[in-house]
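Engineer: This structure is in structure tokens; I'll ask about it shortly.
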Amino acid sequence: MKTERATLSSELLAAVVREAEAACPHECCGLLLGQRTAEGWQIARTYAMRNVSAKPELGFEFDTREQLHAYREAEAAGLEIVGHYHSHPNARAGPSPTDLQIARERYDRGLWLILAIAHGKIIDASLWRLRGEPGEFVRVQLDA
Amino acid sequence: MAQIIIPSALRAFTHQQAKLEAAGNTVGELLNDLAKRFPELRRHLFDEQGRLRKFVNVFVGDEEIRSLQNEDTPVRTSDAVSIVPSVAGG
């Protein structure tokens, strides 16, 4: 399986990391906007979303109305929703079993940027995408 | 015909089309028309009993259909109908 690549500027990544650290002990979450080209994914913008999960220290969930507005903003900016990001304040690097279950159930095959936080500080940032059937998360090369 | 806005995640089943027109007077009729034309889309919209999946949200304009009349929500030809999949994780 060919390794996929994605670009994300170091400034955008730093901003998401700050957001994840500030949200701790809750998970932060947001959308990744950009486009897919023959060379890979280009993440041009991030869009912070409220985490409306009933247990935000254990999971994340978007508010669908806010999501609709984000979709419209992306379209107006000529960008596509290419994925989303969230943090793991429990220091887990990479997708959790819950991430896998939900991604399979909802056919969520966009990019998943996952930020692992330990004691309020970033320890890992990695990009993933569900591939195959029923689907396994495969790492995407992140060029920041 | 009303316009349906397809989220990125489901465009793999609509030949990458982001906006489609569909026939029907209600949201349910529109979505079923879409599923007939794009059969692979059906299982991502409806469960085995033919009900809209719980993580599939549909807006008519700015209003989510669960706060209206669910799949019986009437749709006018001037309406934009948006499919918004719930995004969550752990």
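The values are calculated or read from the model by the stated rules, or taken from the named source; none is laboratory data. The structure presented is a predicted model; accordingly, all values stated were derived computationally and were not measured. Reconstructed Cβ throughout: ideal geometry from the backbone, glycine too, with neighbour counts over all protein chains shown.
Engineer: Within the stretch A:91-118, can you find the residues that are assigned to a helix (DSSP H, G or I), closer than 23 Å to A:Gln42 by Cα and among the hydrophobic types (A, V, I, L, M, F, W, C)?
Structural biologist: Residue satisfying the conditions is A:Ala103 alone.
Engineer: Now for a separate question. Are there any pairs, at least 6 apart or on different chains, whose C-beta atoms fall under 6 Å, with the first in the stretch A:88-109 and at the interface with chain B (Cβ under 9 Å from one of its Cβ atoms) and the second outside any loop (DSSP other than H, G, I, E, B) and among the aromatic types (Phe, Trp, Tyr), and if so, which?
Structural biologist: From the stretch A:88-109, the pairs are A:Pro95/A:Trp128; A:Pro95/A:Phe137.
Engineer: Does the stretch B:43-62 hold any residues that are within 22 Å of A:Arg50 (Cα to Cα) and under 13 Å from the mean Cα position of the chain (by Cα), and which are they?
Structural biologist: Listed by number, the residues that qualify are B:Lys54, B:Phe55, B:Val56, B:Asn57, B:Val58, B:Phe59, B:Gly61.
Engineer: In the stretch B:3-30, which residues are more than 14 Å from chain A (Cβ to nearest Cβ) and touching a helix residue (DSSP H, G or I) at 6+ places or on another chain (Cβ under 6 Å)?
Structural biologist: Correct list: B:Ala22, B:Ala23, B:Gly24, B:Thr26, B:Val27, B:Gly28.
Engineer: Would you be able to tell me the number of residues in the stretch B:48-72 that are farther than 13 Å from A:Gln67 by Cβ and either within 14 Å of another protein chain (Cβ to nearest Cβ) or in contact with a helix residue (DSSP H, G or I) (Cβ under 6 Å, 6 or more places away or on another chain) (or both)?
Structural biologist: So the answer is 12.
Engineer: Here's a follow-up. Of the conditions (1) surrounded by 23 or more Cβ atoms within 10 Å (Cβ to Cβ); (2) closer than 14 Å to A:Ile43 by Cβ; (3) within 9 Å of chain B (Cβ to nearest Cβ), A:Tyr85 satisfies every one except a single condition; which number is it?
Structural biologist: All conditions pass for A:Tyr85, except number (3).
Engineer: Collect the residues in the stretch A:57-78 that are over 21 Å from B:Asn57 (Cα atoms) and under 16 Å from the mean Cα position of the chain (by Cα), keeping them in residue-number order.
Structural biologist: The answer is A:Leu58, and nothing else.
Engineer: With the structure loaded, tell me whether B:Val75 is crowded, with 20+ Cβ neighbours inside 10 Å, of a type in the set (A, V, I, L, M) and within 11 Å of chain A (Cβ to nearest Cβ) or whether it fails that test.
Structural biologist: Answer is no for this residue.
Engineer: How many of the residues making up the stretch B:1-42 are under 23 Å from A:Glu80 (Cβ atoms), part of a helix (DSSP H, G or I) and over 11 Å from the mean Cα position of the chain (by Cα)?
Structural biologist: Looking only at that region, the number is 7.
Engineer: Additional query: Can you name every residue in the stretch A:39-79 that is of a type in the set (Asp, Glu) and either assigned to a helix (DSSP H, G or I) or surrounded by fewer than 21 Cβ atoms within 10 Å (Cβ to Cβ) (or both)?
Structural biologist: A:Glu39, A:Glu57, A:Asp63, A:Glu66, A:Glu73, A:Glu75
Engineer: While we're here: Would you be able to say whether some residue in the stretch A:124-135 is loosely packed, with under 14 Cβ neighbours inside 10 Å and among the small types (Gly, Ala, Ser)?
Structural biologist: Yes, some residue in the stretch A:124-135 is loosely packed, with under 14 Cβ neighbours inside 10 Å and among the small types (Gly, Ala, Ser).
Engineer: Only one of A:Ala38, A:Ala6 is modelled with pLDDT of 95 or more and of a type in the set (A, V, I, L, M, F, W, C); which?
Structural biologist: On inspection, the qualifying residue turns out to be A:Ala6.
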